[in-house]
Amino acid sequence: TPFAEDDLGTHERIVHAHDERSGLRAIIAIHSTLLGPALGGTRFYPYPDAGSALTDVLRLSRGMTLKAAVSGLDLGGGKAVILGDPRRAKTATLLEAYGRLVESLGGTYITAGDVGTTSDDMDVIGRTTRHVVARTAAAGGSGDSAPMTALGVFEAMRAAAGRTWGAPTLDGRTVGVEGLGKVGRHLVALLVEDGARVLAADVDPQACADVSRDVPEVTIVDRVVDAELDVYAPCAMGATVSATTVPGLTARIVCGAANNQLATPQVEDELSARGVLWVPDFVANSGGLIQVAGERTASTADDVRSRVLAVHGTVDGILALAAEHGETPGRAAVRVAQARLDDARTRAGGG
Ligand code: NAD
């Protein structure tokens, strides 16, 4: 891929689909099935053009390979995008057509929710494919993965706080949460409960109003990235940490739920030069994947919760490794994932 600056290799398979009848336009990208079937959510988004949808799905699916590998899950990496505005284009007919597309891949790709899709949508997709997780509890799934994603982000942030300030708590710290969607709204509640002062922003006024009602301690602001902060938590779309925003960042820690937070891999060097600790996104936001992976092993909710709490230890280990080798946390995390993939490759090759 044009993005690989490591040795993760190219994508195994990229499927473009256009179904005239339902209007479905989708791309499914299977990055790797080395550790197991490629699992990753379906993003339903009004991309400006097909090229940006392809760029997004290639980057996201590669991130899923890293996420599963670093979390110790027997899953590969994949992701899908449906092009269009979910508020207008999302119909049962379209989701069923999409389910048939997933089914045609024979289980090499397993889908789940993401931006623009919900557990209810997974129930509809599940009418035409078996290869779907994160359906509603009523349909036999584990439901919305956002609460577990938020819990994992919170634990990742506590681990980073421990490394930075000596105690694994956000008590008395100012945390800026950007994006108050499915994950962000759960994260703010956990932070307030831990004693943090929370500044939050969302482009959707309704999302801000919902959070103000549910967690009145939160201060709604227009922008968080350049506010006076101890921690910046990107929980909206990716690429908000860039050469443009890093110079204005006052936070000592960047840790959030968004995928692909760094505009380019080099941004991490700029963060590190300014003494900012970045918790790699694919580690911080692994709670949702850990939850849905539990469906495949028939894990209980308690088992899943303790595995999500263990994100704290995973992050701590990566930060320790980075410090020991004098490298950035992102590179350390990629190295951990890479080692597992190399091992699997050697075994697959009979070596
Ligand atoms: P969501 O669509 O429910 O919420 C995203 C929110 O961000 C929306 O409320 C939207 O209005 C807001 N937003 C968009 N652009 C913004 C901007 N420029 N400034 C401020 N707010 C903005 O999505 P979600 O499920 O909460 O996921 C959030 C992020 O976390 C995404 O990047 C997603 O890929 C990632 N993620 C989610 C999960 C999960 O379990 N849901 C798991 C891993 C990663």
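The values are calculated or read from the model by the stated rules, or taken from the named source; none is laboratory data. Keep in mind that what you see is a predicted model, and the values were worked out from it rather than measured. Cβ placement follows ideal geometry from the backbone for every residue including glycine, while neighbour counts extend to all protein chains displayed. Just the protein is used for accessible areas: all its heavy atoms, side chains included, with ligands, DNA and RNA removed. Shrake-Rupley method; radii C 1.70, N 1.55, O 1.52, S 1.80 Å.
Only protein atoms count toward the accessible area here, which uses a 1.4 Å probe; on the range 278-346, the carbon and sulfur part of that area reaches 54 percent.
Restricting to the range 26-169, what percent of DSSP beta bridges are antiparallel, rounded to 5?
Numbers: 6 of 17 bridges.
Just about 35 percent of them are antiparallel.
A cut-off under 13 angstrom between Cβ atoms defines the neighbours of S119, and their net charge, with Lys, Arg +1 and Asp, Glu -1, is -4.
Return the tail of the calculated pair distribution for the range 1-129, meaning the percent of Cα-Cα pairs more than 21 Å apart. Of the Cα pairs, 34 percent sit more than 21 Å apart. Tell me, what ³J(HN,Hα) does each residue in the range 275-282 have, in order and in whole Hz, if you take phi through Karplus 6.51 cos²θ - 1.76 cosθ + 1.60 with θ = phi - 60° and put x for Gly and Pro? Taking θ as phi minus 60°, the curve returns x, 9, 8, 9, 8, x, 4, 6 Hz for the range 275-282. Simple point charges give the picture: +1 on the Cβ of Lys and Arg, -1 on the Cβ of Asp and Glu, and for the range 50-209 a dipole about the Cα centre of about 280 debye. Charge dipole (Cα centre; +1 on Lys/Arg Cβ, -1 on Asp/Glu Cβ; no other charges) of the chain amounts to roughly 680 debye. Working from label points 7 Å from Cα in the Cα-to-Cβ sense, the A298 to R100 distance is 3.3 nm.
Here the chain has an Rg and Dmax of 19.2, 59 Å, counting Cα atoms alone. Other residues within the sphere of radius under 10 Å centred on the Cβ of V215, judged by their own Cβ, net out at -2 (K and R +1, D and E -1).
Just checking the listed ones, A310, A137, A293: in the Gaussian network model of the chain with Cα springs under 10 Å, the one fluctuating most is A137. Kirkwood hydrodynamic radius, computed over distinct alpha-carbon pairs, for the range 150-259: how many Å, to one decimal? Hydrodynamic radius (Kirkwood, Cα only) of the range 150-259 equals 13.5 Å. Per residue, the range 284-351 exposes an accessible area of 48 Å² to a 1.4 Å probe, with every protein chain left in place. Karplus-derived 3J(HN,Hα) values for the range 140-151, using 6.51 cos²θ - 1.76 cosθ + 1.60 with θ = phi - 60°, are x, x, 9, x, 4, 8, 4, x, 6, 4, 4, 4 Hz; glycine and proline are entered as x. Computed from the Cβ-Cβ distance with R0 of 35 Å, the FRET efficiency linking A209 to R335 stands at 0.20.
If I stretch the segment between R130 and A323 completely, what's the gain in nm (0.36 nm per residue apart, minus their alpha carbon distance), one decimal?
65.1 nm is the gain from fully extending R130 to A323.
The phi torsions of the range 252-269, fed into the Karplus equation with coefficients 6.51, -1.76 and 1.60 and a -60° offset, translate into couplings of 8, 10, 10, 7, x, 8, 4, 7, 6, 5, 7, 4, 9, x, 5, 4, 5, 5 Hz, rounded to whole numbers, with Gly and Pro shown as x. Between the beta carbons of D74 and A137, assuming R0 = 25 Å, the FRET efficiency works out to 0.55 to the nearest 0.05. Once the convex hull of all Cα atoms in the range 44-111 is built, its volume per residue stands at 92 Å³. Computed from label points 7 Å out along Cα-Cβ, the spacing between R347 and T10 is 2.7 nm.
Take the Cα radius of gyration of the range 4-65 and divide it by 2.2 N^0.38 Å, with N its residue count; two decimals is plenty. Numbers along the way, then the final one.
Numbers: Rg = 12.5 Å, N = 62, 2.2 N^0.38 = 10.6 Å.
Cα Rg divided by the expected 2.2 N^0.38 Å: 1.18.
Each Cα pair under 8 Å and six or more residues apart adds its sequence gap; the mean of these over the residue count of the chain is a relative contact order of 15 percent.
Considering only Q338, Q291, Q266, the mean-square fluctuation computed in a Gaussian network model of the chain, springs between alpha carbons under 10 angstrom, is largest for Q266. Across the range 154-214, counting alpha-carbon atoms alone, Rg and Dmax equal 12.0, 37 Å. Solvent-accessible surface of the range 72-230, taken per residue with a 1.4 Å probe and all protein chains present: 41 Å².
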